[in-house]
Structure formats: C-alpha cells, structure tokens
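Below is one structure, written out as structure tokens; comments come after it.
The values are calculated or read from the model by the stated rules, or taken from the named source; none is laboratory data. None of the values given here were measured: they were computed from a predicted structure. Here Cβ is always computed from backbone atoms with ideal geometry, including for glycine, and neighbour counts include all displayed protein chains. In case anyone asks, the SASA skips ligands and DNA or RNA and just uses the protein heavy atoms, side chains included. Shrake-Rupley method; radii C 1.70, N 1.55, O 1.52, S 1.80 Å.
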Amino acid sequence: TLYRMSANYLGDNQGVIRLVRETGLEFAADYTLELKTSEKPYGLKVIYSNTTDKFEIIDFTQNSTELLGLIKNLDYVEITNGVNTYKLTAEEASQALGFDVKEFGTNPTKLEQYLKSIYENYINDEELH
C-alpha cells in the first residue's frame with residue numbers, strides 16, 4: 001500500500017496527506033502539515049497541537065524515513081509540538097539505511113525489506129519482555 005501511494009512531488013497535497021496517515025504519524029495527536037515547497041531544500045513539517053508530554057521519547061525515525069523515501073522530491077521531515085522538534089533529512093536516512101532512501105519509491109522490494117526488518121526487530125523486542 002505504501003509503495004502504491006508514493007508521490008513525485010511534495011506539492012501533491014492529497015498524496016502527502018494520505019502518506020502521512022498511512023505511515024502512522026497521526027497516532028500521537030491532532031496535527032497540521034506545512035509543506036515547504038517554494039525553494040530547496042523541500043520539507044514537510046508536521047505540527048502536533050496537543051501531543052503527549054512524552055514527545056521527546058517517541059521515535060519518529062521509521063515514519064520519517066518512509067516519507068522521505070516515498071515522496072520523490074522531499075529533502076527533510078520535521079516533526080514538532082512547539083517545544084520539542086525531531087528532524088531527519090534524506091541524506092541522514094540514506095546514510096542510516098546504507099542505500100539511497102529514494103529507492104523506496106522506485107523499488108518495492110527495498111521498502112518491503114525495510115518494513116520487515118523494522119517489524120522483526122519489534123517482534124523480537126516484545127518476545128524478550
């Protein structure tokens with residue numbers, strides 16, 4: 001589903017909104033989106049209005065990585081609650097993955113392997129507890 005939702009442009013408002021929902025970023029609280037599309041670097045800012053006081057311990061890496069890979073011209077994702085901010089660039093995500101994050105939007109196998117690794121780690125962590 002994620003792969004089929006990939007978007008070529010950050011300016012595709014409806015496509016970006018669908019991807020934000022599908023990656024699970026609406027789990028924390030009500031939010032608004034700001035699209036930084038007037039000049040490079042192009043960015044997506046997710047602003048939570050009444051997020052949990054545990055914002056700083058939430059790991060937004062997976063959600064941000066998926067968005068960076070599935071929106072072709074997206075250079076960074078920034079997530080904030082007005083007090084704390086998380087930011088990930090496409091370059092940082094690519095470095096962490098060991099390959100270009102943009103391959104998620106062109107190679108469904110890469111995306112599938114990434115998701116399997118995330119969920120296998122989660123399942124293994126749960127089994128330990």
Exactly one of 13, 50 is closer than 17 Å to residue 82 by Cβ, surrounded by fewer than 17 Cβ atoms within 10 Å (Cβ to Cβ) and over 15 Å from the mean Cα position of the chain (by Cα), and that one is 50
In the range 60-108, the residues that are among the β-branched types (Val, Ile, Thr), assigned to a helix (DSSP H, G or I) and more than 15 Å from residue 20 (Cα to Cα): 101
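Could you grab me the full set of residues in the range 1-51 that are of a type in the set (Gly, Ala, Ser) and touching a residue at least 60 places away in the same chain (Cβ under 8 Å)? Spell out the reasoning first.
Kept after step one, since they are of a type in the set (Gly, Ala, Ser), are these residues of the range 1-51: 6-7, 11, 15, 24, 28-29, 38, 43, 49.
Across the range 1-51, the qualifying residues are 6, 7.
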Return the only residue of 30, 59 being open to solvent by 60 Å² or more (accessible area, probe 1.4 Å), in contact with a Ser or Thr (Cβ under 6 Å, 6 or more places away or on another chain) and at negative phi. 30
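Could you pull out the residue among 25, 35 that is of a type outside the set (Ser, Thr, Tyr), open to solvent by less than 20 Å² (accessible area, probe 1.4 Å), modelled with pLDDT of 85 or more and touching a helix residue (DSSP H, G or I) at 6+ places or on another chain (Cβ under 9 Å)?
Working: 35 fails: open to solvent by less than 20 Å² (accessible area, probe 1.4 Å).
On inspection, the qualifying residue turns out to be 25.
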Need pairs with beta-carbon distance below 7 Å; first residue modelled with pLDDT of 95 or more and within the range 85-109, second part of a strand (DSSP E or B) and among the acidic types (Asp, Glu); sequence gap 6+ or separate chains. 87/78
Is it the case that residue 40 is at pLDDT 95 or above, open to solvent by 40 Å² or more (accessible area, probe 1.4 Å) and over 16 Å from the mean Cα position of the chain (by Cα)? yes
